[in-house]
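The structure under discussion appears below in the form of structure tokens.
The numbers here are math on the coordinates, done by the rules we state, and not lab data. Predicted model only: the values in this text are computed from it and were never measured. Methodologically, a virtual Cβ is constructed for each residue, glycine included, from the backbone with ideal geometry; neighbour enumeration extends over all protein chains shown.
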Amino acid sequence: MTTGNLRDLYQQVILERYKKPKFRGVTAPVHRHQRGHNPSCGDTIELTVQLDGTGDRIEEVRFEGEGCAIAMASADLMAEAMRGKTTAEALDMVQRFQTMMQGKAEFSTEHRKLNVMQGVSQFPVRIKCATLTWHTLKAALEASTQPTEFVSNE
Amino acid sequence: MTIIQEKTLSARTRPDFPILNQTIHGQPLVYLDNAATSQKPIAVLEALRQYYEHDNANVHRGVHTLSSRATDAYEGARDQVAAFVKAASRQEIVFTRNASEAINLVAYSWALSTLKPGDEIVLSVMEHHSNLVPWQMMAQRTGAVLQHVELTETEEFDFEQFKSLLSEKTKLVAVVHVSNTLGCINPVKEICVEAHKVGARVLIDACQSVPHMAIDVQELDCDWLVASGHKMCAPTGIGFLYGKLDLLRSQPPFMGGGEMIADVFLDHSTYADLPHKFEAGTPAIGEAIALGAAVEYLSKIGMDQIHAYEEDLTRYLFRQLATIPELRIYGPKPNADGSGRAALASFTAGGVHPHDLSTILDQAGVAIRAGHHCTQPLHRYLKAQSTARASLYFYNTREEIDVFVAALKDAIEFFGGLFG
């Protein structure tokens with residue numbers, strides 16, 4: 001039953017990250033905090049970000065929440081890729097990820113792990129699942145130190 | 001029910017639904033999302049076509065032939081709907097865009113002009129958002145208080161708790177007849193009896209019952225009943241409100257505009273008689289006529305036959321689902337003969353997220369719903385983030401249930417080992 005498309009969507013890495021995420025939890029301390037919500041399915045994600053002394057470089061991103069394999073794996077892979085990134089670099093990556101979801105770009109060698117998410121672009125109704133965490137990170141980084149309201153990807 | 005009868009009904013009706021005859025990702029379509037919207041038979045599509053090819057004109061105005069034909073067809077559809085739900089009068093049927101609009105009509109017309117601070121509105125935790133949000137808005141505006149009936153251990157409407165909530169403060173009970181998520185069939189007739197004892201009005205959300213069983217509003221003795229056309233073989237954009245004549249008469253208009261007036265002056269107006277008082281603006285004429293055709297189509301099959309056939313499918317569905325130990329199915333179990341609940345099953349499958357399930361099933365041609373089914377509070381109550389739902393109609397077959405169950409097993413296996 002499982003076609004090639006499905007194998008592209010649910011690559012082993014995605015299933016593994018879904019099963020055993022590396023970045024679940026809450027950072028200590030919390031410098032940025034943002035909740036994201038996908039109203040169409042009820043999935044939620046809660047990101048916390050720890051910044052370095054300059055306040056412009058990400059030390060760590062962690063996530064909590066409930067969601068499908070695509071949403072959770074995307075969050076875990078994103079958290080890993082964000083370590084040590086400046087805010088500007090991180091926002092560029094958010095943009096690149098969104099472009100990748102349109103099937104128009106991929107990540108270079110340094111972040112090639114994120115390219116396992118490319119298969120999602122073949123499933124337009126699932127793109128929101130993959131991008132929820134990225135929208136949420138963008139809102140977290142663009143917000144002031146005060147956490148803002150829910151961000152929705154609708 | 002015998003297998004012979006089952007084959008007869010689906011085999012007889014499937015040719016009426018050309019959309020079912022297609023492949024999805026190379027597999028025959030198995031459409032099991034009927035609680036979201038049903039498919040439309042040729043008779044309904046033809047009614048739309050006939051109207052636009054031959055009779056299209058605005059209604060209730062003009063004396064030319066087309067306008068007369070359009071008006072006759074539109075009002076004829078009202079007669080059909082009135083007869084379908086056994087309304088005492090055709091004036092008790094108001095066409096709306098959908099059930100949500102019908103509920104909002106009652107909210108803005110009746111509730112806003114009637115409710116006082118401290119009055120109580122009794123809802124249930126299983127309500128669709130469309131039967132929650134309008135009442136939240138009314139509570140905010142009038143100072144009325146919302147109360148919610150919870151579930152029994154078998155995940156059904158807690159009738160005893162419901163009775164305990166009723167008092168002279170209760171002014172409205174608004175409950176769903178058949179839950180789109182739990183599939184339970186609520187005792188709406190008894191609910192009306194109890195609510196009326198304390199002088200409360202009752203609104204029934206019948207979106208999931210009118211398409212599947214015979215409804216008699218006079219026997220139920222409800223004050224209002226709402227349904228949407230698109231779940232009962234009609235197009236989108238048309239639904240209806242049933243309301244008791246005296247009650248509708250006493251209610252102020254909902255929206256103002258053309259069609260709903262008797263006499264208009266620059267500074268005031270008088271309003272049309274029922275049901276037009278509640279139908280401002282040019283209505284969805286073609287859609288209403290097509291709803292009439294849908295009602296005629298369903299009536300020809302017979303609602304009792306549809307219901308009996310669906311009970312048989314329910315029995316089979318639950319028997320097959322019982323072969324998957326990972327499943328948690330919400331709502332009551334059917335009786336041994338398949339009766340006692342709707343022909344749908346909302347479930348979770350171990351740790352496999354409903355969206356992932358739905359994507360994998362779609363690759364097998366099987367269309368199911370995944371998400372919160374517009375019952376977020378119920379999902380919170382059940383402590384389920386989201387569920388998957390397969391919902392059947394009279395054109396579905398046992399063979400389709402087999403395909404669905406096999407695909408479900410495959411999907412669980414695909415994620416296999418992950419959660420074992």
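The table below lists the values:
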item: Computed [θ] at 222 nm, helices only, for chain A once each DSSP H run of length n ≥ 4 contributes -39500 (n - 2.57); result: -11500 deg cm²/dmol
item: Convex hull of the range B:45-300 built on C-alpha atoms - directionally averaged projected area, nm²; result: 14.1
item: Candidates per trypsin sites (Lys or Arg not before Pro) in the range B:32-78, loop by DSSP, up to 13 other Cβ within 10 Å; result: B:61
item: Convex hull volume of the range B:47-160 per residue (C-alpha atoms, cubic angstrom); result: 168
item: FRET E, pair residue A:113, residue B:324, Förster distance 45 Å, beta-carbon r, rounded to 0.05; result: 0.85
item: Volume of the Cα convex hull of chain A, divided per residue and given in Å³; result: 104
item: Most fluctuating residue given options A:13, A:94, A:61, as computed from a GNM of chain A linking Cα atoms under 10 Å; result: A:13
item: Pair residue B:402, residue B:154: separation of 7 Å Cα→Cβ label points (nm); result: 3.1
item: Taking chain B and dividing mean pair separation by its residue count, relative contact order in percent (alpha carbons under 8 Å, at least six apart); result: 23
item: Within straight-line cross-link reach of residue B:231, lysines at Cα separation under 17 Å, skipping those fewer than 8 residues along the same chain; result: B:40
item: Extended-chain gain in nm, criterion 0.36 nm per residue less alpha-carbon gap, residue A:7 and residue A:52; result: 12.3 nm
item: The protein assembly as shown: proportion of alpha-carbon pairs further apart than 33 angstrom, %; result: 51
item: Residues in the range B:278-293 that a label on residue B:255 would reach, taking backbone N under 17 Å of a point 7 Å out along Cα→Cβ; result: B:278-289
item: Dipole in debye (nearest 20) - the protein assembly as shown, about Cα centre, beta carbon charges: Lys, Arg +1; Asp, Glu -1; result: 940
item: Length added when fully stretched, residue B:54-residue B:27, from 0.36 nm per residue minus Cα-Cα; result: 5.9 nm
item: Nearest-0.05 FRET efficiency for residue B:161 and residue B:12, computed from C-beta distance (R0 41 Å); result: 0.40
item: Per-pair calculated FRET efficiency, R0 = 22 Å: residue B:79 and residue B:46 via Cβ, rounded to 0.05; result: 0.70
item: Proximal aspartates and glutamates relative to residue B:163, as straight alpha-carbon distance under 20 Å, when same-chain residues fewer than 8 apart are discounted; result: B:119, B:120, B:127, B:150, B:153, B:155, B:190, B:194, B:205, B:221, B:223
item: Net length gained if the chain between residue B:246 and residue B:116 were fully extended (0.36 nm per residue, minus Cα distance); result: 44.7 nm
item: Qualifying lysines (Cα of each under 27 Å from Cα of residue A:138; at least 8 residues distant if same chain); result: A:19, A:20, A:22, A:85, A:104, A:113, A:128
item: Of every Cα-Cα pair in the range A:56-99, the percent that sits beyond 18 Å; result: 29
